[in-house]
Amino acid sequence: AQKITQTQPGMFVQEKEAVTLDCTYDTSDPSYGLFWYKQPSSGEMIFLIYQGSYDQQNATEGRYSLNFQKARKSANLVISASQLGDSAMYFCAMRYPMNYGGSQGNLIFGKGTKLSVKP
Amino acid sequence: DGGITQSPKYLFRKEGQNVTLSCEQNLNHDAMYWYRQDPGQGLRLIYYSQIVNDFQKGDIAEGYSVSREKKESFPLTVTSAQKNPTAFYLCASSPRVRIDSNQPQHFGDGTRLSIL
């Protein structure tokens, strides 16, 4: 069965420092995709970064980078130079493998990590 | 601007009443999804639709119903059979998924449903 685990319910980081949010996943399929979303207190889900299982390099998008360790089945999000506006819930999600018929494209979400940035 | 519009932002339901949450997208996406989020929890899939006039149950479909008569619209009805409907509901859409697609799901701003 597919599963996403985020073990940090809450994290604190000082403004301008880097922070790593953990995500581990479980799948037996070789083809999958991993996504990170940010959810501010207003509720909308904002897509941050994507990592495909066959991607040779770790994904990066501005201040966001993904530490993808395939053998360990981990896809940790690294936020560099934290800003006050980074305070939010962060969700890791995995897309169902392509051989799941009608379920392909569906996402499985972890329970999230609440990040608080201190001034 | 393209996006997903959910309405209303806040909704109150009386006991025994059905309520319908609206979700409209102008992104020309084939696939649409409904999620439920409880406090301190991740998102759980209620229903999804990969194409017009077709939809499938997700992990927690009991007490909910949907329709997909138009590509742009995917309304969710919370029926009286859903005994604990108080939650935050999010609608999303995406292009049809291709092999190793990096296309994310795009989300609306959500509807908060409460019981009176």
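The values are calculated or read from the model by the stated rules, or taken from the named source; none is laboratory data. If you're wondering where the values come from, they're calculated on a predicted model, not measured in any experiment. Using ideal geometry, Cβ is built from the backbone for each residue, glycine included, and neighbour counts are taken over all protein chains shown. For accessibility, only protein heavy atoms count, side chains too; no ligands or nucleic acids. Shrake-Rupley method; radii C 1.70, N 1.55, O 1.52, S 1.80 Å.
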Can you find a residue that is in contact with a His (Cβ under 7 Å, 6 or more places away or on another chain) and surrounded by fewer than 21 Cβ atoms within 10 Å (Cβ to Cβ) anywhere in region B:32-54? no
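For region B:42-62, name all the residues that are at positive phi and basic (Lys, Arg).
Start the filter on region B:42-62 by keeping residues that are at positive phi, which leaves B:53.
Selection gives nothing.
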How many residues are open to solvent by less than 30 Å² (accessible area, probe 1.4 Å), touching a Leu at 6+ places or on another chain (Cβ under 8 Å) and assigned to a strand (DSSP E or B) if we restrict to region A:1-24? 3
Any residue that is within 23 Å of residue A:95 (Cα to Cα) and among the small types (Gly, Ala, Ser) - is there at least one of those in region B:95-103? yes
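Applying the selection to region B:1-31, what residues are of a type in the set (Lys, Arg) and either closer than 13 Å to residue B:86 by Cα or surrounded by 13 or more Cβ atoms within 10 Å (Cβ to Cβ) (or both)? First the steps, then the outcome.
Keep residues of region B:1-31 that are of a type in the set (Lys, Arg), which gives B:9, B:13-14.
Once the filter is applied, which keeps residues that are of a type in the set (Lys, Arg) and either closer than 13 Å to residue B:86 by Cα or surrounded by 13 or more Cβ atoms within 10 Å (Cβ to Cβ) (or both), region B:1-31 yields B:13, B:14.
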Here the residues within region A:25-66 that are over 15 Å from residue A:115 (Cβ atoms), of a type outside the set (Asp, Glu), open to solvent by 60 Å² or more (accessible area, probe 1.4 Å) and part of a strand (DSSP E or B) are A:47, A:60
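When you look at residue B:93, is it touching a residue at least 12 places away in the same chain (Cβ under 8 Å) and either at the interface with chain A (Cβ under 8 Å from one of its Cβ atoms) or out of contact with any Gly (no Cβ under 8 Å at 6 or more places or on another chain) (or both), yes or no? If you could, list the steps in order and put the result at the bottom.
Values: touching a residue at least 12 places away in the same chain (Cβ under 8 Å): yes; either at the interface with chain A (Cβ under 8 Å from one of its Cβ atoms) or out of contact with any Gly (no Cβ under 8 Å at 6 or more places or on another chain) (or both): yes.
Yes, satisfied.
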Note down all Cβ pairs under 6 Å where the first residue falls in region A:1-19 and is under 16 Å from residue A:34 (Cα atoms) and charged (D, E, K, R), the second is open to solvent by 40 Å² or more (accessible area, probe 1.4 Å) and in a strand (DSSP E or B), and they're at least six residues apart or on different chains. A:3/A:26
Before we move on, is residue B:40 assigned to a loop (DSSP other than H, G, I, E, B), modelled with pLDDT under 95 and either within 25 Å of residue A:110 (Cα to Cα) or among the hydroxyl-bearing types (Ser, Thr, Tyr) (or both)? yes
Tally time: how many residues in region B:19-64 are touching a residue at least 60 places away in the same chain (Cβ under 8 Å), facing chain A (nearest Cβ under 9 Å) and in contact with a Cys (Cβ under 8 Å, 6 or more places away or on another chain)? 1
Which condition number in (1) more than 18 Å from residue B:101 (Cβ to Cβ); (2) modelled with pLDDT of 95 or more is the one that residue A:93 fails? (1)
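From the list B:30, B:38, exactly one residue is touching a strand residue (DSSP E or B) at 6+ places or on another chain (Cβ under 9 Å) and under 20 Å from residue A:89 (Cβ atoms). Which is it?
On the way: B:30 fails: under 20 Å from residue A:89 (Cβ atoms).
Result: B:38 is the single residue among B:30, B:38 that is touching a strand residue (DSSP E or B) at 6+ places or on another chain (Cβ under 9 Å) and under 20 Å from residue A:89 (Cβ atoms).
This table checks each residue for (1) modelled with pLDDT of 95 or more; (2) over 10 Å from the mean Cα position of the chain (by Cα); (3) within 13 Å of another protein chain (Cβ to nearest Cβ).
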residue	(1), (2), (3)
A:31	no, yes, yes
A:36	yes, no, yes
A:42	no, yes, yes
A:49	yes, no, yes
A:53	no, yes, yes
A:59	yes, yes, yes
A:69	yes, yes, no
